[in-house]
Every structure is written in C-alpha cells, then in structure tokens.
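Notes follow the structure.
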Amino acid sequence: MPLDGISSNFLAKELQTKLTGARIDKIYQPTRFEVYMLVRSNSENYKLLLSCDPKSPRVQITANMKENPQMPPNFCMLLRKHLSGARILDISCPDYERIITISVSTTDELHDTSTKYLVIEMMGRYSNIIFLNQEKRIIDAVVHVDSSTSRVREIMPARIYEAPPSQGKLSPSEALEKLERQELPILDTAQSRPLGKALLDSLLGFSPLLTSDICFRAGLDTRESLASLSDSKKQKLIGVMRSIISDIVSVKPSPCVLFSDGEPSDWHALNIQDGGKIKPVPTISEALDEVWGYYDRQQHFEDRRRQLRSIVQYALSHESKKLSIHEDDLNETKDAEKLKEQGELILAYQYLVHPGDLEINIPDYPDFGQNTVISLDPNKSASDQGQNLLRRYRKAISRRDAAKRFIEQESGNISYFQSLIQAIDAASEEEDLKAIAFELSEEGVRESTSKESKKNASSEKYHPGKSKSGKMSSRALRQAAQKAKQKQNKSKTTKKPEDSSSPRRYIVDGGLEVLSGRNNIQNDNLTFHVAEKEDLWFHAKNMPGTHVILRTQGKTPSDKAIVEAASIAAYYSRSNKVLSGEKAETKTEYDIRVDIDYCPVSHVKKLPKAKPGMVTYDTYNSLLVSAALPNHQGKKQ
C-alpha cells in the first residue's frame, strides 16, 4: 500500500490543477505526523492533508478531519505564523520520487513577498514534513534528524535542504524511448534478477504492485528470468509496458481502489488488473480517502479497544491483589479458636503459674490422661497473658469476618471485570465500545491510575536528534491549568449522562427478533425491563458473556430459532483461545462450540447488591452450539 513515485507524480498533477492559486485559511495539527490545511480555491473550500505518518505517508484532499488538540504543537504554530493567508503557487513531484513540494507565496510584517516551500517526503519510516525558506534553508521539520541518526543528510533547522540521493534508475520517459526501439527498459545490473525484481530495480517510481500488474497483463510470472523469455513473450511484455508507460508520460491517471474480502485493501493511480475486485474512482484523493479512511477508522477502533481493556485490566489486577491479601488474612486467622482456648485455660489455671515459669502444664486436658502445655512469658503475669490471648482472639475474629466479607465482594468484582474484558474483546463496532465506555463511567472505573496509559505517555518520544523548542516548563503549566479548568467545569455539570447506544438486533427463523446487550447495563435492562416473561433468555455456561433475549411474541419458537439465538450468545461469549486470533474462515463464525444455557426470562433473578449483569437462573436447558451470527441476514441497524 505504500505510495510509489508514479502515483506521487499523478497526485501532484491532480493537486496542482485544483489548488494552484488557493489561499491557505487555517492550519491544524491534530497528531504528531499530520497537518491539515483549510484552503480556498475557485470559490470552493478544501481540506488538504499532509501526512508523514510512517504507516501512511501521503498528501491529499480529504473529506475527513480529526479532532484538534486544545494546545497546538510548535510546528503548527510556526506554520500558522508563516503561511496563514498565503497563496499556493505550485505543487510538484520532482523526478518521480516519493516527494511532493508545495511552493507558497507569503507576505511578512513589512509586506515583503517571498516564496517558501513545504516538502513532504513520503518514504515509510523516513517520512517527514520539512518547511523551507526562499533559499531552501530548513526553518523546521516534523522529525529532526541529526548526525547521530543519519550520516547521509541532516534535517535540522538552519541547514541547507538536500534531496534524498538519486536511485540511478530509468525515468518513464527514458523507458518509453527504449520501448519504442523494441528494447526492454532493464538496467544491465538487473539483468540476472527475476523479472519482477528486474523491473523494480530499473524503473523509477515503480512499486511491486505495478510491476506485478505488468507481468500479469503480459501473462508472465514475476519469478521468471529474463534469459528464459522467448521472443514472443518479450514482445508481449514490451507492448504491455509501452501502453502503461505511455499513460504515465502523458499523465493519464485511472485511479482505482482494490478490495479484499469486501474491504478496501490497496489503491493505485493506474487501473490495476492483478488485484481482485477493483473499484474505479474519479480522483486519487478519493481513492486515498476510501482506503486510509477505512484504516484510520479501524486503527481508532483498535486504539479505543486497547485503551478500555487497559483500564479494565488494571482494575481487575487491583481487585485480584486485594483478593490475595484478604485470602492471606483468612488463612492467618484460621487458628483463632486456639487463641481463645489458650487464653481461657491460662485464666482458669493461673493458680498453677509461678513467677518466672516458661510454660504451664494443664493435666487431663483435653482428654483424661493427657496434658496440654502452653508457653508463657516469664515477665508477665498469668492474668495479663490470658487477657492478651483473648484480645488477639477477638481481633482475629474481626479480621476473619472482614476478610470473608471482602473476599465475597472482590470475587464479584473480579467476575464483573472479566465480563467487561470479554465484552471489549468481542466488540465489533464503535457502538459496542461506546456502550462499554458508558458503563465504565457509570461504575466509576477510571483510567488515571492505569499503568498502560503511563506507558503510552512515555512512548511519545520519536527519533533521536529532536530539538526542544519553547519553554517546556511554561507550556506544562499552561496545560496543567487547562486540565484543572476542565475538571472544574466537569464537576459543575449535574446532568447524568445517558447510554445513547442501542442493543444489537437480529432476525432468526420464523421472523423472531433477538436482542443482545452491548454492555452489562444493557444486559440488565434487556432482561428485567424489555423482555417479557415468556421470552427466552440465553447465556454461555460458566463463562462471561452477553445476555441474549429471543422475543417469542407469545409463540413457541422453532428449534432452529432457538439454535440461532444460542449461537449468537456463543459468538459474544467465546473463549480466550478464539479471541487470541484463531478465527474461522468467515467473520461471522468462529470454529468453537460453546455450552449455552437458556430458560424463560421469568426464571432469571437479579443477585442482590451485585454489579450490573450479575444474575442467577434455574430450571434451564442447555445446548452445545457453534459461535456464529445468523448468515441469512445482516444485523439490523
């Protein structure tokens, strides 16, 4: 999916056509690697995205925009200072490299006009956004690279900008000239390599996807050697390459999006035939938006899932530690009755104790003919020692009773947090995570003490050689003041938030409706407020999971409807083995069989003082079913 030089060249031409003469109105930097510019051109507004994210470097016009931070980064402030109100003069891609240069006309405080440059290098983990002055000297960059990081070139303020070294390949124009002479445009150094690698090493701006498509159109294998090609195969390869490279040289893009399993997986500025299902799109920016928009949503979903799991995992770990402590308390107080017995015996037989005795020997106890020996402190009286043992007994009893009470409470909390982790792992859409986040806020489970959040905060550092600009201490104070103000404003709000998400809905055999909760609050609401007494309730046996309700509508459901409802309960209550990634061939079915209990809703009772979703049930039946969603229809929205 990386942006290749050919696509970069087409993209630069597309942006140049639309944005030449555009005015830059606003500049935002929502993330470390992404800059958004709101520009106006020909009475239309555009959102121009500049990204040097190592995973998805690109420049495009986008319809999407991320939420902006309250405190803009230093690089964003610098761009605002120099580029607000500036005009875009030119957008170019030099020599089919993965570099796009935006030339901008700016006016300073003295009304002097000058040209500045934004250079976006889109080269994987070496991607960068570099801001240059009129003399091509670096003003600043998103990623600073000093001599300790790279010996080839430095990207630091006040340095002269140097383009990446030339690759020594044939440009499309040079390749087309060779093809017109019926010669394959392959360098001598690449003659011995397989065909796919030879094309990749010889042609400037070509990617593995494009070279693979050339071989596919020519009916050749990318692993074939040049020496093994017959004259007819060479002629066919020359014809295919002439057609494709002619479109490149004459700037005739035909952007498309490639799909895999119904999801956008890749894109290119040319119509790729060796990519499975292909969807043509009008512009390259739209292709980028469709592919990277999908991946951004997926990434945001996984980040949110990871964040919620971290919060719950920390709470679960905390409860497990407390449970371990109180179990130790219970074990340490199991001999409390012996303290009472010894104290009472010393008080009853204190007349046998003489000053300085180290022990007392009580005859005929506990059985006739047996003696009991109790150690004594020679520095204390028998009465004091007996009373001390009884005091220790009372403390032990109190400690034991408290430990039992806490163990019961913590065991319930652990079961509850385990059910939350299962719900987070089973979440398949944003609505599921919103429901779980709402439940966490209702239960007062917060992230502030999460070790994972501290780890994520410490991982913000990127690349050695980054210089610190601005007064960091002053900035930290401003951020702390803003957080305090937000906390104060939050405390003033008295309105209780509501769960805006709705339960999952499915249709099973006979047209009957099945409801499934997204969180434990919804589980309680479905079971005790929405469901009728004659409806059927489903849940995984001895496993955290969701409550599933089969709405019978006063009818007797078919066996198929019951099995389908049980399969839904199994799908959202699957084991950790499946959750770790051992999935079946389809996304709606998992290769696992789960025991599901089901009974009328009237047989389900809420546990007193228990967390949401914790119930007990009786007079139930069990089914062993596969974890699957109904295949004959999709989920109702």
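The values are calculated or read from the model by the stated rules, or taken from the named source; none is laboratory data. Source: prediction; values computed, not measured. Note that each Cβ is placed from the backbone with ideal geometry, even for glycine, and that neighbours are counted across all protein chains shown. Only protein heavy atoms, including side chains, enter the accessible area calculation; ligands, DNA and RNA are left aside. Shrake-Rupley method; radii C 1.70, N 1.55, O 1.52, S 1.80 Å.
Does the range 100-107 include one or more residues that are over 19 Å from T20 (Cβ atoms), open to solvent by 40 Å² or more (accessible area, probe 1.4 Å) and not aromatic (F, W, Y)?
no
Within the range 480-508, work out how many residues are over 18 Å from A427 (Cα atoms) and modelled with pLDDT of 90 or more.
2
Looking only at the range 282-293, count every residue that is under 30 Å from S428 (Cβ atoms) and either open to solvent by 20 Å² or more (accessible area, probe 1.4 Å) or basic (K, R) (or both) and tell me the total. Please lay out each step first, then the result.
Initially, the range 282-293 is screened for residues under 30 Å from S428 (Cβ atoms), giving 285-293.
Filter again for either open to solvent by 20 Å² or more (accessible area, probe 1.4 Å) or basic (K, R) (or both), leaving 286, 289-290, 292.
So the answer is 4.
Test of understanding: among L358, L376, which residue is hydrophobic (A, V, I, L, M, F, W, C), surrounded by 14 or more Cβ atoms within 10 Å (Cβ to Cβ), out of contact with any Phe, Trp or Tyr (no Cβ under 6 Å at 6 or more places or on another chain) and closer than 25 Å to R394 by Cα?
L376 is the lone residue from the list that is hydrophobic (A, V, I, L, M, F, W, C), surrounded by 14 or more Cβ atoms within 10 Å (Cβ to Cβ), out of contact with any Phe, Trp or Tyr (no Cβ under 6 Å at 6 or more places or on another chain) and closer than 25 Å to R394 by Cα.
So which residues in the range 306-362 are in contact with a strand residue (DSSP E or B) (Cβ under 9 Å, 6 or more places away or on another chain) and of a type in the set (F, W, Y)?
Passing the criteria: only Y349.
Right, E319: crowded, with 17+ Cβ neighbours inside 10 Å and either among the charged types (D, E, K, R) or free of Cβ contacts under 8 Å to residues at least 12 places away in the same chain (or both) or not?
yes
State yes or no: is S212 surrounded by 13 or more Cβ atoms within 10 Å (Cβ to Cβ) and either out of contact with any Leu (no Cβ under 6 Å at 6 or more places or on another chain) or in a loop (DSSP other than H, G, I, E, B) (or both)?
Against the criterion (surrounded by 13 or more Cβ atoms within 10 Å (Cβ to Cβ) and either out of contact with any Leu (no Cβ under 6 Å at 6 or more places or on another chain) or in a loop (DSSP other than H, G, I, E, B) (or both)), S212 qualifies.
Considering the range 131-162 alone, what residues qualify as being among the basic types (K, R) and either in contact with a strand residue (DSSP E or B) (Cβ under 8 Å, 6 or more places away or on another chain) or within 24 Å of T31 (Cβ to Cβ) (or both)?
Listed by number, the residues that qualify are K136, R137, R153, R159.
Output the number of residues of the range 158-194 satisfying the condition of being in contact with a Pro (Cβ under 8 Å, 6 or more places away or on another chain), free of Cβ contacts under 8 Å to residues at least 40 places away in the same chain and open to solvent by less than 40 Å² (accessible area, probe 1.4 Å).
Residues flagged as in contact with a Pro (Cβ under 8 Å, 6 or more places away or on another chain), free of Cβ contacts under 8 Å to residues at least 40 places away in the same chain and open to solvent by less than 40 Å² (accessible area, probe 1.4 Å) within the range 158-194 amount to 1.
Exactly one condition in (1) open to solvent by 50 Å² or more (accessible area, probe 1.4 Å); (2) free of Cβ contacts under 8 Å to residues at least 40 places away in the same chain; (3) in a loop (DSSP other than H, G, I, E, B) is not met by L220; state its number.
If we test L220 against (1) open to solvent by 50 Å² or more (accessible area, probe 1.4 Å); (2) free of Cβ contacts under 8 Å to residues at least 40 places away in the same chain; (3) in a loop (DSSP other than H, G, I, E, B), just (1) comes out false.
Based on what the data block shows, is I155 open to solvent by less than 90 Å² (accessible area, probe 1.4 Å) and free of Cβ contacts under 8 Å to residues at least 60 places away in the same chain?
yes
Answer yes or no as to whether Q191 is polar (S, T, N, Q) and more than 24 Å from L78 (Cα to Cα).
yes
Could you pull out the residue among I346, I325, I374, I360 that is under 60 Å from the mean Cα position of the chain (by Cα) and either in a helix (DSSP H, G or I) or modelled with pLDDT under 90 (or both)?
None of the others qualify; the one that does is I325.
Filter the strands (runs of 3 or more DSSP E) completely within the range 7-86 down to those with at least 2 residues that are open to solvent by less than 20 Å² (accessible area, probe 1.4 Å) and in contact with a helix residue (DSSP H, G or I) (Cβ under 8 Å, 6 or more places away or on another chain).
Answer list for the range 7-86: 23-31, 34-41, 58-62.
Anything in the range 523-551 that is part of a helix (DSSP H, G or I) and either crowded, with 24+ Cβ neighbours inside 10 Å or among the β-branched types (V, I, T) (or both)? List them, or say none.
The answer is N523, T527, V530.
Of these, I346, I414, I362, I397, which one is closer than 30 Å to L316 by Cβ and of a type in the set (V, I, T)?
Details: I346 fails: closer than 30 Å to L316 by Cβ; I362 fails: closer than 30 Å to L316 by Cβ; I397 fails: closer than 30 Å to L316 by Cβ.
When all the criteria are applied, what remains is I414.
Filter the range 109-130 down to the residues that are out of contact with any strand residue (DSSP E or B) (no Cβ under 7 Å at 6 or more places or on another chain) and acidic (D, E), then identify the one that is most open to solvent (accessible area, probe 1.4 Å).
Filtering the range 109-130 for residues that are out of contact with any strand residue (DSSP E or B) (no Cβ under 7 Å at 6 or more places or on another chain) and acidic (D, E), the one most open to solvent (accessible area, probe 1.4 Å) comes out as E109.
List every residue pair whose Cβ atoms sit under 8 Å apart, with the two residues 6 or more apart in sequence or on different chains, where the first one lies in the range 429-446 and is of a type in the set (F, W, Y) and the second, anywhere, is open to solvent by 30 Å² or more (accessible area, probe 1.4 Å).
From residues that are of a type in the set (F, W, Y), the pairs are F438/P497; F438/D499; F438/S500; F438/I521.
Quick one: count up the residues across the range 429-456 that are at pLDDT 80 or above and not in a loop (DSSP other than H, G, I, E, B). I'd like the intermediate steps shown before the answer.
At the first step, the residues of the range 429-456 found to be at pLDDT 80 or above are 429-445.
Next cut, not in a loop (DSSP other than H, G, I, E, B) only: 430-443.
The total comes to 14.
Considering only the range 13-45, how many residues are over 18 Å from S105 (Cβ atoms) and in contact (Cβ under 8 Å) with a residue 24 or more places away in the chain?
11
Out of curiosity, is L226 modelled with pLDDT under 95, over 21 Å from W267 (Cα atoms), open to solvent by less than 70 Å² (accessible area, probe 1.4 Å) and not charged (D, E, K, R)?
Yes: the conditions hold for L226.
Given the conditions (1) touching a Lys or Arg at 6+ places or on another chain (Cβ under 7 Å); (2) small (G, A, S); (3) in contact (Cβ under 8 Å) with a residue 24 or more places away in the chain, and given that G293 satisfies all but one, which numbered condition is not satisfied?
All conditions are met except number (1).
Specify which of the listed residues (D296, D274, D261, D335) is at positive phi, charged (D, E, K, R) and either open to solvent by 80 Å² or more (accessible area, probe 1.4 Å) or at pLDDT below 90 (or both).
Being at positive phi, charged (D, E, K, R) and either open to solvent by 80 Å² or more (accessible area, probe 1.4 Å) or at pLDDT below 90 (or both) holds for just one of D296, D274, D261, D335, which is D261.
If the Cβ limit is 7 Å and pairs must be 6+ apart or interchain, which residue in the range 304-316 that is open to solvent by 70 Å² or more (accessible area, probe 1.4 Å) pairs with which residue that is not in a helix (DSSP H, G or I)?
Y314/T449; Y314/S450
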